[in-house]
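This report refers to the structure that appears directly beneath it.
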Amino acid sequence: MTPAHTRYYLGFNLVPGVGPARLARLIAHCGSVEAAWQADTLDLAMAGLDTRSSAALLAARPQIDLDAELERAKRAGTTLCTIEDAAYPAMLRAAPGAPPLIYIRGDLTPADDWAVAVVGTRTPTSYGREAAQRLSYDLACGGVTVVSGLALGIDSVAHTAALEAGGRTIAVLGCGVDLPYPERNRGLAERIIAQGALVSDYPLGTRPVAANFPPRNRLISGLSLGTLVVEAGEKSGALITVDFALEQGRDIFAVPGHIFSRQSAGTHRLLRDGAGLATCAGDILEGLNLNAAGVQREARAELPSDQTEALLLDLLSYEPQHADVISRATGMPPAQVAATLAVLELKGLARQAGPMEYVRRH
């Protein structure tokens, strides 16, 4: 059953000029997304919406049949996931400017918390294709979800390799999820739906115009713990994904290429600027502390959370805390704290930052 608030997030997503920041201010002022949808001119102004955005909302609101739009999404086999929903991807939620609503064809699962973006040129060399295939395949075999953009070239190779490995992959689109682009990849898109998901924050029916693709790259990096660039020229669109990843505080990796290849000029610049060197999947798994991703995935699925785990996780932050400090704060015996922290670490929810010092993972 669709949550009541979903209809209003869907409505706002159909109104131009009301992005994540404006909507967040409006909801904070009005108290809920439903109240925000029904806000009058004064409330819109008090929430900080400019005249143009307010006019666009007031003009569009009577024209949008929310029930019909929900039914349209259902007919298209599309799941609507709002930033209020527990199923909303944790990594994306943590990213600045996270989209309030995403459209999904297929399924996103907790396993996708361990994801790496693989991006690169649309015109790779044979070396680039082989590198993308091998690293993506091995990442998928290591329990990592491969995220990319369904474009021709490196994106297609990365998705295909993850599927061939029996792993999960997510394609982020610069159009509606009902219109996968390019058309040459429609068959690949159907395979991804069966073994992962197509994701977009663009409304259904949105055509794949050029201006849509750079902004969608923030979702590719936002869904991922890190971004791997396989081949990219000096002005490659893949470098836009890198910029978003850096803004989001995510790690960057690059595959070294031939020194005379234009397709490697961008990746070599990334390496000079401090990106992690990736010559195999192990370099990425180690850099992101994902060597045990498969074990962590199974542990999260099989070990149910309890109140003790929830209490300790709530106490953890991104600043290291010694287990003894946590023990004193909770009043729990040190042995119980140590055992629970070990379980949280196994689930990938916490990690050791030093001897008996723990931090919360993203």
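Among residues belonging to the stretch 243-298 that are at pLDDT 90 or above and polar (S, T, N, Q), point out the one that is nearest to the chain's Cα centre (by Cα).
The qualifying residue nearest to the chain's Cα centre (by Cα) is Gln248.
Does the stretch 133-143 contain at least one residue that is more than 30 Å from Leu70 (Cα to Cα), in a loop (DSSP other than H, G, I, E, B) and not assigned by TED's automatic domain parsing to the domain that holds Thr6?
Yes; the residues of the stretch 133-143 include at least one that is more than 30 Å from Leu70 (Cα to Cα), in a loop (DSSP other than H, G, I, E, B) and not assigned by TED's automatic domain parsing to the domain that holds Thr6.
Taking helices (runs of 4 or more DSSP H) that do not extend beyond the stretch 305-361, which have at least 3 residues that are more than 28 Å from the chain's Cα centre (by Cα) and outside the structural domain of Trp114 (by TED's automatic domain parsing)? Break it down stepwise before answering.
Numbers: elements: 307-315, 323-330, 334-346.
The helices (runs of 4 or more DSSP H) meeting that bar are 323-330, 334-346.
Looking only at residues that are touching a helix residue (DSSP H, G or I) at 6+ places or on another chain (Cβ under 8 Å) and aliphatic (A, V, I, L, M) in the stretch 16-34, which one is surrounded by the fewest Cβ atoms within 10 Å (Cβ to Cβ)?
Top of the filtered list is Val18.
Yes or no: Ala55 in a loop (DSSP other than H, G, I, E, B) and farther than 30 Å from Leu270 by Cα?
no
Please state which one of Pro96, Pro89 is touching a helix residue (DSSP H, G or I) at 6+ places or on another chain (Cβ under 8 Å), closer than 19 Å to Asn212 by Cα, in contact (Cβ under 8 Å) with a residue 24 or more places away in the chain and not assigned by TED's automatic domain parsing to the domain that holds Val229.
That would be Pro96, the only listed residue that is touching a helix residue (DSSP H, G or I) at 6+ places or on another chain (Cβ under 8 Å), closer than 19 Å to Asn212 by Cα, in contact (Cβ under 8 Å) with a residue 24 or more places away in the chain and not assigned by TED's automatic domain parsing to the domain that holds Val229.
Might you check whether a residue that is among the charged types (D, E, K, R) and either out of contact with any Phe, Trp or Tyr (no Cβ under 9 Å at 6 or more places or on another chain) or buried (at least 21 other Cβ atoms within 10 Å of the Cβ) (or both) occurs anywhere in the stretch 214-226?
Yes, the conditions are met somewhere in the stretch 214-226.
The values are calculated or read from the model by the stated rules, or taken from the named source; none is laboratory data. Small disclaimer: the values here were computed from a predicted structure and weren't measured. We place every Cβ from the backbone using ideal geometry, glycine too, and count neighbours over all the protein chains shown.
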